[in-house]
Amino acid sequence: MKGRIWTVLAVVMILSLGLASCTAPTPVEVEVEVTRVVEKEVEVEVTKIVEGTPVVEVVTATPEPEPESAGPSGEIIELSGIDPNTLDPYQMTTTNPEQNIATHIFDSLIWLTADGQYEPMLATSWEIIDDLTWEFKLRDDVYFHNGEHFTAEAVQFSIERARDLEESVSTVPTDIHYESSEIVDDYTIRIHTSEPAPVMVPAMAGFSILEPKYYAETPLEVAAENPVGTGCYTFVSWERDGPLVMEANEDYWGNVPAIKRVTVRAVPEAGSRIAELEAGNVDLITNVPPDQADMVETDVSRLEAVEGLRRIFIYIHYEEGKPWADKRVRQAMNYAVDVDTIGETLFAGYARRYASWIVPPNNNPALEPYPYDPDKARELLAEAGYADGFDIKLHTPVGRYNKDKEASEAIGAYLTEVGIRTEVIPVDWSTYVQEMLIPKQNLEIGLIGLSSTAVALYDAQNLDYNFPLNMTAWMNEEYQALYEEAFKTLDDAKRQELLFKAQEIGYEECPWIWLWRQYDFYGVSNRLQWTPRADEVVDFRDATLSE
C-alpha cells in the first residue's frame, strides 16, 4: 500500500490548575488534529497537558483495508457483416472485424488516437539517430498473455516475421525500408533502414507485436486461430463461421478495460443485425445501411454515425489487348457512372464522389471529381475504337461494405447504358479475399474499399504496382518514380509536391472508377457507452456499460 495522509482527532485531557484556591483540577476535553504520513500503519499522536507540561504519547493502529476496485464486469456482443479469415495480424485483409480484433489482443509500439495523434504504447519514446537509424525505448513492465516478458527481441522478431512470412500481406518492413535491427539492451532497439523512412511512426502505429517463442514454434495454421499478444484483451475462443470471444486482461500494463467479455459474431444480412439489436440481444452492430439508419433509433438503441476514411472504388485490371488498357476507356467508365444519384438513392445522400483517393487534408485541391457525362463517355469509347461497346464482368463482395451488391448493380447498369455491357457477379467476402484478392486473380473489374489513416504516403501506396491489394496491375513509370521518391523524402513540403504530381497522373490515368468515401453507421444499445472513430477502429478499451 502506498503512503497515505491520515488525519486523527485525539481527545486530550487538559488538567486546569487551580490558581485562586486549592480546589481540585477540572478536566477539559480538547480536540487536537494530528496529521502524519505513514506506510501501512497509522501513527496516532496523543498529547496530554498535565500541570502545564505537554506529554506526548505515540500509539500505532492498523487502518481498515480499502475495498478493492470492482474490476472488469459485464459482457457485450458485436455483430459484424463478415467473419474473420485469420487471427494472424500479418495475414489480415479487413479492418472490421479482423484488425479490430487484433487491436484488442495485440499492442503496437505506438498508438494512433481517435483524433489522429500518435502516443507511446509499448515504446516509451523514439528518436531519429540519423537519416537511416531510429531508436525506440521500450516499456519494461509488459508481459505477453502466455507469461513471457516483452523485450526488444519481440520487436525484432515481429518485423522480420512480417518481412519473411510467405503468407504475409503486411507492408511495414518495405514501408520503413527495413534493413536490420540492433538490440541495444532488453528495452532499447535501433531500426536501421536502407533509405530515409518518413512513415516510421505511422507504420509502427498499429503494427502488432508478437511473442517470439510462441510464433516461432507454433504451426502457422494453429497460431492463426490462437493468437498471443500483450493487449488489453486476451483471446478465449473462436470457431470458424462462429463467435469469437475475448476477455479483459486483468494483468494489463495499462488501463484495464471496464467490460470483461466481448463476443464478436458475423451476421451478413443487415436486416437481421438490426432485428437482433432491436430485440436487445446484442450491443453493437456495424455496417448499418444508411436507408435503414432510422430503424436503430429505438427505446433500447441509438444510431452512431461518422464520415469515414475508407475509399470505395471499382478497380480496373490492366491487361494488354483489352479495351480498358486504353486510358480513354477508363476515363469513359468514370464519366458513365452517376455517383450523385447512387448516393441519393442507396445512401440517403451519404456518398459524395471524391476527386483523389488521397484523403483530406493531403489531397491535391486542383482536382475536381469526374462529373456524370454519358455523352462524353460514349465519345471517348468511339475515339478508342469501341463505338459498339464491349462486354465486361464486375465482381462484387456481398455484405462487406454498405450496399456493396446494390451499388455494384447500379454501377453495372450505368456502364451498360453507354455500351459497356456489364455482368455483375456477387461473391461472398471470404471467397472474394482468399480466391481473388490475395492471389490477385485476373478479374476484369471489381468493387473494393481500402481504409486510410490519413497518411498521404499510405494512400498513394494503394496504386503502387507492388502493393499487395493493388488489383489494377497498372504500371505508370512516372507515377512510380514520384511515389518512390516521396517515400524516402523526409522534407514535408518536397514530399507534398511529389504527391500532388502523382495524384494528377492517377486522376488522368483512371486505374479506378473513383466513387465515394464510406460513411460508417453503427447501431448501439443504450447501455453501451461507446463512440465511433473515423478510421473504422472499433475500440472497446474505454467503453463502459450502464446499469
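A short reminder: the numbers here are calculations on the coordinates, not readings from a lab. Note that the coordinates shown come from a computational prediction; the quantities given were computed from them, not determined experimentally. So basically every Cβ, Gly included, is an ideal-geometry build from the backbone, and we count neighbours across all protein chains shown.
Of ARG328, ARG352, how do they rank once you tally other Cβ atoms within 10 Å and put the fewest first?
ARG352, ARG328
Long-range amide H contacts for ASN249: which residues qualify at under 5 Å (H placed 1.01 Å from N, peptide plane, sequence gap of 5 or more or a different chain)?
Under 5 Å from the amide H of ASN249 lie the amide H atoms of TYR233, THR234, each far enough along the sequence or on another chain.
Based only on Cα atoms, what mean projected area does the convex hull of region 112-224 have, in nm²?
Mean shadow area of the hull around the Cα atoms is 7.5 nm².
What does the extension gain come out to for ASP294 and GLU320, with contour length at 0.36 nm per residue minus their alpha carbon separation?
Numbers: separation 26, 0.36 × 26 = 9.36 nm, distance 4.74 nm.
Computed gain between ASP294 and GLU320 is 4.6 nm.
Given H placed on each backbone N at 1.01 Å, which residues far from PHE540 in sequence or on other chains put an amide H within less than 5 Å of it?
Counting only residues 5 or more places away or on other chains, the set is empty.
Pairs LYS327/LYS393; LYS137/LYS488; LYS322/LYS403: which exceed 20 Å Cα-Cα?
Working: LYS327/LYS393 18 Å; LYS137/LYS488 24 Å; LYS322/LYS403 29 Å.
Violating the 20 Å Cα-Cα cut-off are LYS137/LYS488; LYS322/LYS403.
Mind sorting CYS510, CYS232 by how few other Cβ atoms lie within 10 Å of their own Cβ, fewest first? Don't skip to the answer; put the middle values down first.
Values: CYS510 22, CYS232 25.
If I rank by nearby Cβ atoms, fewest first, I get CYS510, CYS232.
Using modelled backbone amide H atoms (1.01 Å from N, in-plane), which distant-in-sequence or interchain residues come within less than 5 Å of TRP111's amide H?
GLU119, MET121
Can you tell which of LEU515, ILE76, THR171 lies farthest toward the positive end of the dipole of the chain, using +1 and -1 charges on the Cβ of basic and acidic side chains (Lys, Arg; Asp, Glu)?
The Cα lying farthest towards the positive end belongs to LEU515.
In debye to the nearest 20, how big a dipole does the chain give about its Cα centre with +1 on each Lys and Arg Cβ and -1 on each Asp and Glu Cβ? List each step's numbers first, then the result.
Details: 41 positive and 96 negative charges, 124 e Å.
In debye, rounded to 20, the chain gives about 600.
Taking the radius of gyration and the Kirkwood hydrodynamic radius from Cα positions alone, what is the Rg/Rh ratio for the chain, to two decimal places?
Details: Rg = 31.1 Å, Rh = 26.9 Å.
A ratio of 1.16.
Among all the aspartates and glutamates, which ones have a C-alpha under 15 Å from LYS260's C-alpha, if same-chain residues fewer than 8 places away are not counted?
The qualifying aspartates and glutamates are GLU75, GLU78, GLU247, GLU250, ASP251, ASP283, ASP539, ASP542, GLU547.
So how much slack lies between ALA305 and VAL222, counting 0.36 nm per residue of separation and subtracting their Cα-Cα distance, in nm?
Gain on extension, ALA305 to VAL222, equals 26.2 nm.
Would you list ARG273, ARG302, ARG240 from fewest to most Cβ contacts within 10 Å?
ARG240, ARG302, ARG273
Given charges of +1 on the Cβ of Lys and Arg and -1 on the Cβ of Asp and Glu, with all other atoms neutral, how large is the dipole of region 437-547 about its Cα centre, in debye to the nearest 20?
Here the size comes out at about 380 debye.
If one takes the longest principal axis of the Cα atoms in the chain, at what angle in degrees, from 0 to 90 and to the nearest 10, does the Cα axis of helix 374-383 lie?
50 degrees
Rounded to a whole number, what is D in µm²/s for region 347-426 from Stokes-Einstein with the Kirkwood radius over alpha-carbon pairs (20 °C, 1.002 mPa s)? Working shown, then result.
On the way: Rh = 14.7 Å.
Value of D from the Cα-based Kirkwood radius: 146 µm²/s.
Going toward the positive end of the dipole of the chain, with +1 on Lys and Arg Cβ and -1 on Asp and Glu Cβ, which of LEU138, LEU346, PRO268 do you reach last?
Farthest towards the positive pole: LEU346.
Counting each DSSP H run of 4 or more residues in the chain as -39500 (n - 2.57), what helix-only mean residue ellipticity at 222 nm follows after dividing by all residues, to the nearest 500 deg cm²/dmol?
On the way: 14 runs with 124 residues, N = 547.
Rounded to the nearest 500, the figure is -6500 deg cm²/dmol.
Counting Lys and Arg as +1 and Asp and Glu as -1, each charge on the Cβ, what is the dipole of region 308-520 about the Cα centre in debye, to the nearest 20? Present the calculation step by step, with values, prior to reporting the outcome.
Values: 21 positive and 34 negative charges, 97 e Å.
The calculation lands at about 460 debye.
For region 474-540, what does the relative contact order come out to in percent, with C-alpha contacts under 8 Å and a separation of six or more?
With pairs under 8 Å counted, the relative contact order is 23 percent.
For region 518-547 and region 121-139, what is the separation of their C-alpha centers, rounded to whole Å?
Centre-to-centre distance over Cα atoms comes out at 32 Å.
If I fit a long axis through the Cα atoms of helix 404-417 and take the longest principal axis of the Cα atoms of the chain, what angle between them do I get, 0 to 90°, rounded to 10?
In the chain, helix 404-417 runs at an angle near 20 degrees to the longest axis.
What does region 79-137 give for Rg and for Dmax, in Å, if only its C-alpha atoms count?
Radius of gyration, then largest Cα-Cα span, for region 79-137: 14.8, 47 Å.
Any idea what angle helix 492-509 forms with the longest principal axis of the chain, computed on alpha-carbon atoms, 0 to 90 degrees, nearest 10?
40 degrees
Region 202-250 to region 296-344: how many Å between their Cα centroids?
Cα centroid of region 202-250 versus Cα centroid of region 296-344: 33 Å apart.
How big is the Cα convex hull of region 308-520 in projection, averaged over all directions, in nm²?
11.1 nm²
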